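Undergrad: Structure provided below as structure tokens; questions to follow.
The numbers here are math on the coordinates, done by the rules we state, and not lab data. Remember, it's a predicted structure, so these values are computed and weren't measured experimentally. Please note: Cβ atoms are built from the backbone with ideal geometry, for glycine as well, and neighbour counts cover all protein chains shown.
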Amino acid sequence: MFQGIFKGVKKIGFNIFDIGVLLVILLIIAAFFWIRASREDLWIDVKLVVSNDDWWWEGSPPQWWFAEGLKVGDKAKNTFGKEIGEITDIINFDVGEYRRRIFVDLKLKGSFDKRRGVYLFSYQPIQVGKPLDLNFGKYNLRGIVTYVEIADFENFYKDKVIEVEVSSIPSWLVDSYREGLEMKDSRGRVLAKVLSVSKKPSKAIEVVEIVSQKEIKYPGNLFYDAYLKMQIKTFESNGVDYFVDRAAIKVGNIICFQFRDTLVANAKIIKIIQ
């Protein structure tokens, strides 16, 4: 029987080596489809920060236009039109000048590798610190994974009340600080709110400004110190609370707030109230 098969194979131009190669290819294809069929697909929750690929050096925050067109519910698809990702939340807020801080929560269609104990997406491990690149129609989303199996906004961020001091500021700036000021993300959620404001004449005897590499000195009594009681959104990591923009909430640390029409810069945390 085998002699008949080999004779037939020879007639169509195949030799034993060709048959062996063909069998190996068929086995590889069969193994691929077996793995695909036996793998259980699941949705994986991931948070990423839009950033430089290298997590050792994040680089500058993205410009204002980046991710502006993305919205919750946008879906990513593979080349076969199959849905592989969905945006579940976007935290996009001003960090000064023309830049913004952007966090994106995603659901990714992947699987779990029990042997290695990691989630997989497009056959690559989903791990904190690794870059992720997805296309949502005409928009490209590129960032670094910061959390896997995340909680939603309300459960991830907690309210904290602090008091900050802003030293030696001019009257026109301190007059822009008022109760009720709110720092919001692009979805209108409040990230920081001024609960109360008080001001006192500056403790500084002299204030020095650098203009065109020259020192200009002003008497301290022309400036004020402002004290703001703030309610802010924070998250906890390794026993430390951080503002949503990732300033550590510790007495003595410097924090910054970008409101719609004014800036509270170089604010020193002087009290953690609750």
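Undergrad: Using +1 on the beta carbon of Lys and Arg, -1 on that of Asp and Glu, and nothing else charged, what's the dipole of the chain about the Cα centre, debye to 20?
TA: The calculated dipole for the chain is roughly 860 debye.
Undergrad: Given the range 157-272, report the % of alpha carbon pairs whose separation exceeds 17 Å.
TA: When all Cα pairs of the range 157-272 are counted, 57 percent exceed 17 Å.
Undergrad: Starting from the coordinates of the alpha-carbon atoms of the range 224-266, obtain the Kirkwood hydrodynamic radius over all distinct pairs and give the value in Å to one decimal.
TA: 11.7 Å is the Kirkwood radius here.
Undergrad: Just going by the charge dipole of the chain, with Lys and Arg at +1 and Asp and Glu at -1 on Cβ, which of 201, 166, 135 is farthest out on the positive end?
TA: Positive-end residue among those listed: 135.
Undergrad: What span do the alpha-carbon atoms of the chain cover on each of the three principal axes, reported in whole Å from largest to smallest?
TA: Largest first, the chain extends 107, 42, 30 Å along its Cα principal axes.
Undergrad: Now for a different question. Between the helical axis of 16-38 and the dominant principal axis of the chain, each derived from Cα atoms, what acute angle in degrees is found, rounded to the nearest 10?
TA: Helix 16-38 sits roughly 40 degrees off the main axis of the chain.
Undergrad: Still on this structure, I have one more. With angles folded into 0 to 90 degrees, how steeply does helix 2-11 sit against the dominant principal axis of the chain? Use alpha carbons for both and round to 10.
TA: Its long axis makes an angle of about 70 degrees.
Undergrad: Please give the net charge around residue 228, taking every other residue with its beta carbon less than 15 angstrom from that of residue 228, where Lys and Arg add +1 and Asp and Glu add -1.
TA: +2
Undergrad: While we're looking at this one, here's another question. For a quick check: with amide H placed at 1.01 Å from N, whose amide H comes under 5 Å from residue 259's, ignoring anything fewer than 5 positions away on the same chain?
TA: 264
Undergrad: Next up: Looking at the range 42-153 from every direction and averaging, what is the projected area of its Cα convex hull in nm²? Kindly include the intermediate steps, with their values, before the conclusion.
TA: Values: hull surface 29.5 nm².
For the Cα atoms of the range 42-153, the hull's average projected area reads 7.4 nm².
Undergrad: By the scheme Lys and Arg +1, Asp and Glu -1, what is the net charge of all other residues having a beta-carbon under 12 Å from that of residue 64?
TA: 0
Undergrad: Same structure again: Just how far, in whole angstrom, is the range 92-116 from the range 163-185 if you go by their alpha carbon centroids?
TA: Answer, in whole Å: 31.
Undergrad: Arranged from highest to lowest average of other beta-carbon atoms within 10 Å per residue, in what order do the peptides 154-166, 118-130 appear?
TA: Descending mean neighbour count gives 154-166, 118-130.
Undergrad: Can you flag which of 160/268; 130/229; 214/250; 77/130; 47/75; 82/130 are past 27 Å Cα-Cα?
TA: Violating the 27 Å limit, Cα to Cα: 130/229; 214/250.
Undergrad: If you don't mind, another one. Net charge within 14 Å of residue 83 by Cβ-Cβ distance, Lys/Arg positive one each and Asp/Glu negative one each, not counting residue 83 itself?
TA: Working: positive: 75, 77, 82, 107, 109; negative: 41, 74, 86.
So the surrounding residues net to +2.
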